[in-house]
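Structure first, then comments.
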Amino acid sequence: MDAVKKVVIPVAGWGTRSLPASKNIPKEMLPIYNKPVIQYVVEEAQRSGIEDVIFVTNRDKSVIEDHFDYNLQLEGVLERAGKLDKLKLIREVAEMVNIMSVRQKKQLGLGHAVLCARDLVGNSPFAIMVGDDLMFGGVPGIKQLMDVAVAENMSVVGVMEVPADKVDKYGIIDGDEISPGVYRVNNLVEKPERSKAPSRLAIVGRYVLKPEIFDFLKQVKPGHGGEIQLTDALQGMATSQGMLAVRMSGMRFDAGDWAEYLTANIYFGLQEESLRYELLDKLKNFVQFK
């Protein structure tokens, strides 16, 4: 497989899990400490060597693209005020990666969102990163998949083990471990009943796929609500071409889950030395530390 240089990041959803905060602000722009959620995702892609970011967006989310553009008026204000450290920060955001976008005019599922990006992806392998799944660790999350995909010349999905009482909230794989942390995928089951889940290995919003996935997506029949599910296309690809799953290392926060979103804010606040001890002192007013 050729090197992966493009990533598709679907951001067209309504963000209903984050209401009312996301009523007029895209959930991807909600802050975690001092950055919006989407910036952490793009930074992961950048650290992995990805050069082109393709947002699948809608008419109400241009603020996401704007975040990764220059803001000349703000830059002028900061420069005149001598706030050169802040100026450097916002220019670095604009220079991270190449940004492209395509509209998903109807929200018809993750598979449909990926299919909307077909012309911009072209005929090369590419990554998909779900915008509200945040991954942190030594090796960037998507790069863990890219390394295996290139080495094995196969499409790869990222998985993590979840508690048994949460398997019905995820796509779950049935696979055989062929090397430490790498599985040959036999089946993918979308949100199985807890008693029927083939494993606790859940797909967590990271994929590296060959461009043939678009042909499989075109064959998927719309399901509930007319949605085209990516999992159905992945199953077809796994059956036809084979597919691997990589158990990802590092920490994961689901920014659409309020408990995990707030935990992520605390985590990043504690990483900031100038904030850490004041934050801990304030938390002691609410939390009993052992």
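When only DSSP loop residues count, what trypsin sites (Lys or Arg not before Pro) in the range 80-153 have their Cβ near at most 15 other Cβ atoms within 10 Å?
Details: sites: Arg80, Lys83, Lys86, Lys88, Arg91, Arg103, Lys105, Lys106, Arg118, Lys143; in loops: Lys83, Lys105, Lys106.
Loop-located and lightly packed - Lys83, Lys105, Lys106.
If you stretched the chain out fully between Glu272 and His224, how much longer would it get, using 0.36 nm times the residue separation minus the C-alpha to C-alpha distance? Before the final figure, lay out the partial values.
Values: separation 48, 0.36 × 48 = 17.28 nm, distance 4.46 nm.
Contour length minus the Cα-Cα distance gives 12.8 nm.
Estimate the FRET efficiency between Glu65 and Asn123 by the formula 1/(1 + (r/R0)^6), using the beta-carbon distance for r and 30 Å for R0, to the nearest 0.05. Numbers along the way, then the final one.
On the way: r = 25 Å, r/R0 = 0.83.
About 0.75, to the nearest 0.05.
With charges only on Cβ, +1 for K and R and -1 for D and E, what is the dipole size of the range 6-256 about its Cα centre, in debye, rounded to 20? Walk me through the numbers before you get to the answer.
Values: 31 positive and 32 negative charges, 110 e Å.
Here the range 6-256 has a charge dipole of around 520 debye.
Could you tell me the distance between the Cα centroids of the range 183-201 and the range 1-18, to the nearest Å?
Cα centres, the range 183-201 to the range 1-18: 23 Å.
Please give the FRET efficiency for Leu89 paired with Lys169, using the beta carbon to beta carbon distance and R0 = 45 Å, rounded to the nearest 0.05.
Values: r = 36 Å, r/R0 = 0.80.
That pair, Leu89 with Lys169, gives E of 0.80.
Show me, for the range 221-236, the HN-Hα J-couplings you get by feeding each phi into the Karplus relation (A = 6.51, B = -1.76, C = 1.60, θ = phi - 60°), rounded to Hz, glycine and proline as x.
Running phi through 6.51 cos²θ - 1.76 cosθ + 1.60 with θ = phi - 60° gives 7, x, x, 4, x, x, 7, 9, 8, 4, 4, 5, 5, 4, 4, x Hz.
Between Asn153 and Ala81, what's the calculated FRET efficiency when r is the beta-carbon distance and R0 is 45 Å? Round to 0.05. Could you put the intermediate results ahead of the total?
On the way: r = 53 Å, r/R0 = 1.17.
Efficiency, from the Cβ-Cβ distance: 0.30.
Per q in 0.11, 0.12, 0.15 1/Å, what log10 I(q)/I(0) does a Debye calculation on the alpha-carbon atoms of the chain return?
At q = 0.11, 0.12, 0.15 Å⁻¹ the computed log10 ratios are -0.68, -0.81, -1.23.
Identify, among Ala245, Thr57, Val121, the residue whose Cα sits farthest towards the positive end of the charge dipole of the chain, taking +1 on the Cβ of Lys and Arg and -1 on the Cβ of Asp and Glu, with the dipole about the Cα centre.
Thr57
Separation between the Met100 and Leu279 pseudo-spin-labels, each 7 Å from Cα along Cα→Cβ, expressed in nm?
3.7
Scan the range 127-236 for GluC sites (Glu not before Pro) in coil per DSSP, keeping those whose Cβ has at most 13 other Cβ atoms within 10 Å, and list them by number. Write out the running numbers ahead of the final one.
Values: sites: Glu152, Glu161, Glu177, Glu190, Glu193, Glu212, Glu227; in loops: Glu193, Glu212, Glu227.
For GluC sites (Glu not before Pro) across the range 127-236 that sit outside H, G, I, E and B with at most 13 neighbouring Cβ atoms in 10 Å, the list reads Glu193.
Assigning unit charges at the beta carbon (Lys, Arg +1; Asp, Glu -1) and nothing else, what dipole magnitude in debye, to the nearest 20, does the range 78-157 show about its Cα centre? Write down the numbers at each step before the final one.
Working: 10 positive and 9 negative charges, 92 e Å.
My answer is approximately 440 debye.
Each value in this text was obtained by applying a stated rule to the coordinates, not by laboratory testing. Quick caveat, the model's predicted, so the values are computed rather than measured. No Cβ is skipped: glycine too gets one built from the backbone with ideal geometry, and neighbour counts run over all protein chains shown.
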